[in-house]
Amino acid sequence: MEVLQNVKLSHLNTKYELLSGLERVEKIFNDFDSERILVTSSFGATSAILLHMISKVAPGQPVYFVNTGYLFEETLRYKEELSNQLGLNVIDTSSPINHYAFTQQNQSWKYNPDLCCFINKVGPTEKLRTGKDVWLSGLMRYQNANREKLQIFEPRPDLLKFHPIIDMTSEEVEMYATIYELPFNPLIYQGYGSIGCAHCTAKGEGREGRWLNNAKTECGLHI
């Protein structure tokens, strides 16, 4: 893609490094065409932070929500609540019904979780990436070891991955949510530190409850 050939990642990372998360979000919408910026959200534990920034900087920007078909009811209700509070333009998407049915019939989340994630989450997201130059993500380094070394901008084969709040700490997340009166996913208060599909998420600190008793630590969407 032309944009990747012309952009030097080291220059971009240096350029954005000293900015706050909100300033980075504002700058990305000044530096790139909004129609070629992809925003996705799981409406998980800390999703409200980045979504609030986007609502301030680019109201009306499409926010794509991939419904795997296995999400907690609390997450679906939270999506509606936060979308209404922030005035978000949320667009739901999912895998083809026959693909989802395959994972249902075979209980893929139990016997082949990587395949289940690919069919119901990674695959639908890959389609959204077509024609985009930048993909915004709310990943943060403190969340797990896989994310500790991620930079603000990371290369992907077909676009740039942009992590505007990658260096926020858990304390800063709490403070931001308090200042702007942002609700967290209600499952947080039930002991879930990280929230994904109901079959594969258990209670626990941080991401320790994701794919419990399994070596898997990421759905494959971001890493």
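Overview of results
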item: The listed residue being surrounded by fewer than 14 Cβ atoms within 10 Å (Cβ to Cβ), closer than 24 Å to LEU150 by Cβ and hydrophobic (A, V, I, L, M, F, W, C), out of LEU9, LEU51, LEU18, LEU22; result: LEU18
item: Which listed residue, of ALA202, ALA177, is over 16 Å from the mean Cα position of the chain (by Cα), surrounded by 13 or more Cβ atoms within 10 Å (Cβ to Cβ) and at pLDDT 90 or above; result: ALA177
item: Residue list for segment 25-57, filter: hydroxyl-bearing (Ser, Thr, Tyr), touching a residue at least 40 places away in the same chain (Cβ under 8 Å) and not in a strand (DSSP E or B); result: SER41, SER42, THR46, SER47
item: Candidates PHE102, PHE65 - the one that is closer than 25 Å to ARG156 by Cβ, of a type outside the set (D, E, K, R) and either surrounded by fewer than 18 Cβ atoms within 10 Å (Cβ to Cβ) or touching a helix residue (DSSP H, G or I) at 6+ places or on another chain (Cβ under 7 Å) (or both); result: PHE65
item: Residue within segment 108-117 that is closer than 27 Å to ASP167 by Cα and in contact (Cβ under 8 Å) with a residue 60 or more places away in the chain present; result: yes
item: Helices (runs of 4 or more DSSP H) contained in segment 58-159 and holding at least 3 residues over 16 Å from the mean Cα position of the chain (by Cα); result: 73-86, 97-106, 108-111, 113-117
item: Residue check, LEU159 crowded, with 17+ Cβ neighbours inside 10 Å, out of contact with any Cys (no Cβ under 6 Å at 6 or more places or on another chain) and free of Cβ contacts under 8 Å to residues at least 24 places away in the same chain; result: no
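The values are calculated or read from the model by the stated rules, or taken from the named source; none is laboratory data. This one's a predicted model, so the numbers in the text were calculated from it and none came from an experiment. Backbone-built Cβ (ideal geometry, glycine too); neighbour counts: all protein chains shown.
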